Amino acid sequence: MLADRIWAVAALATVLLAVCLRAPAARRGVYLFGAITTGLGVFVLSPFLWSSPDGTILWQGPTVQVLGPLDVTTTEIAEAGLNALRLVALGLAFAAYALLLDHDRLVQSARFARRSVLAIALATRLVPTLERDAAGLVEALRGRGVEVTGVRGRGRMLVPLLAGSLERSLNLAEAMEARGYGRPGATRSLQAPWGLAERAALTGSVLIVAIGALWL
């Protein structure tokens with residue numbers, strides 16, 4: 001989000017895409033589709049919703065109330081491409097976090113704001129959990145001779161998936177309460193000490209952010 005050069009954002013998006021491709025193919029499809037299609041939507045719609053007097057006019061359309069004249073210039077396309085790549089890179093970064101990170105170790109390693117970290121980890125697991133529940137529901141229906149096809153057939157699965165997620169949240173809250181979560185004097189399990197790779201990754205990430213803020 002700090003970079004204002006399109007080649008730098010494109011390089012970041014390419015690296016993050018290569019990282020996401022290391023995840024299992026069955027899980028990464030939803031995340032990659034969401035990140036890429038969102039960026040494409042911004043690239044297509046942004047030139048029509050944001051007007052710039054600079055640049056060469058490539059297409060000139062009618063004048064619409066509120067929006068004004070609909071035209072596409074080279075400046076608008078460049079700005080749309082930059083914003084689209086920013087959004088794609090942000091989506092791919094979240095995808096890498098959701099697909100490749102061990103969220104249990106993330107919660108255990110948090111020294112402060114543990115409740116916030118736990119909430120983030122639970123929210124991150126929402127999509128994979130719903131995906132797993134949907135796959136199990138489809139297999140159960142196929143065992144009964146019912147094929148789930150089309151948008152309408154898959155849309156009918158929303159109600160049981162929502163009911164299952166609510167029931168799971170209640171079970172999780174009861175389990176956390178039974179284990180004394182949030183009470184003073186809680187104990188913590190033993191943790192593996194940080195190695196050279198973890199310390200180098202933390203230091204390198206700070207340097208990369210600093211270099212990106214100053215140069216990109």
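Across the chain, the relative contact order, built from alpha-carbon pairs under 8 Å that are at least six residues apart, equals 23 percent.
Report the FRET efficiency, 1/(1 + (r/R0)^6), for S165 and V15, where r is their Cβ-Cβ distance and R0 is 41 Å, rounded to 0.05. Each step should come with its number before you reach the end.
Working: r = 33 Å, r/R0 = 0.81.
According to the calculation, E is roughly 0.75.
Determine the share of the chain's accessible area contributed by carbon and sulfur atoms, expressed in whole percent, with a 1.4 angstrom probe.
Values: 10200 of 15280 Å².
Exposed carbon and sulfur together represent 67 percent of the surface.
For the chain, the longest principal axis of the C-alpha atoms and the axis of helix 25-49 are separated by about 30°. Net length available on complete extension from A173 to L207 is 8.3 nm, with 0.36 nm assigned per residue and the Cα-Cα distance removed.
Here the simple spin-label model places points 7 Å from the Cα toward Cβ, and for E147 and D4 these points are separated by 5.6 nm. Using the empirical formula 2.2 N^0.38 Å as the baseline, the Cα radius of gyration of segment 1-58 reaches a ratio of 1.46.
Using the average count of surrounding beta-carbon atoms within 10 Å as a protection proxy, the listed peptides 133-143, 79-89 rank, highest first, as 79-89, 133-143. Surface calculation, 1.4 Å probe, protein heavy atoms: M157 sits at approximately 10 Å² accessible.
Averaging 1/r over every pair of different alpha carbons in the chain and inverting the result gives a Kirkwood radius of 21.5 Å. Note on the chain: dipole from Cβ charges, positive end direction compared against A11, Y97, L214; the farthest Cα belongs to Y97.
Dipole size of the chain about its Cα centre, with +1 on Lys/Arg Cβ and -1 on Asp/Glu Cβ: approximately 920 debye, rounded to the nearest 20.
Karplus-based coupling profile of segment 203-211, in residue order and whole Hz: 5, x, 5, 5, 5, 5, 5, 5, 5, with θ = phi - 60° in 6.51 cos²θ - 1.76 cosθ + 1.60 and x standing for Gly or Pro. Mind checking the angle between helix 126-143 and the chain's longest principal axis? C-alpha axes, 0 to 90 degrees, to the nearest 10. The answer is roughly 70 degrees. Here the sum of -39500 (n - 2.57) over DSSP H runs of 4 or more residues, divided by the residues of the chain, equals -23000 deg cm²/dmol at 222 nm, to the nearest 500. Residues whose amide H falls under 5 Å from that of L70, counting only those 5 or more places apart or on a different chain, are G61, T63, V64, with hydrogens built in the peptide plane.
Whole-Hz Karplus values for segment 166-175 come out as 5, 5, 5, 5, 5, 5, 5, 5, 5, 5 Hz, taken residue by residue from phi with 6.51 cos²θ - 1.76 cosθ + 1.60 and θ = phi - 60°; glycine and proline positions read x.
Relative to the dominant Cα principal axis of the chain, helix 74-100 is inclined by about 10°. Surface analysis of the chain yields an accessible area of 71 Å² per residue, using protein heavy atoms and a 1.4 Å probe.
The packing ranking, built from the mean of other Cβ atoms within 10 Å per residue, places the peptides 145-154, 2-11 in the order 2-11, 145-154, highest first.
The values are calculated or read from the model by the stated rules, or taken from the named source; none is laboratory data. Since we're looking at a predicted model, the values are computed, not measured. FYI the Cβ positions are ideal-geometry reconstructions off the backbone, even for glycines, and counts take in every protein chain you see. Surface areas here come from the heavy atoms of the whole protein model, side chains and all, with no ligands, DNA or RNA. Shrake-Rupley method; radii C 1.70, N 1.55, O 1.52, S 1.80 Å.
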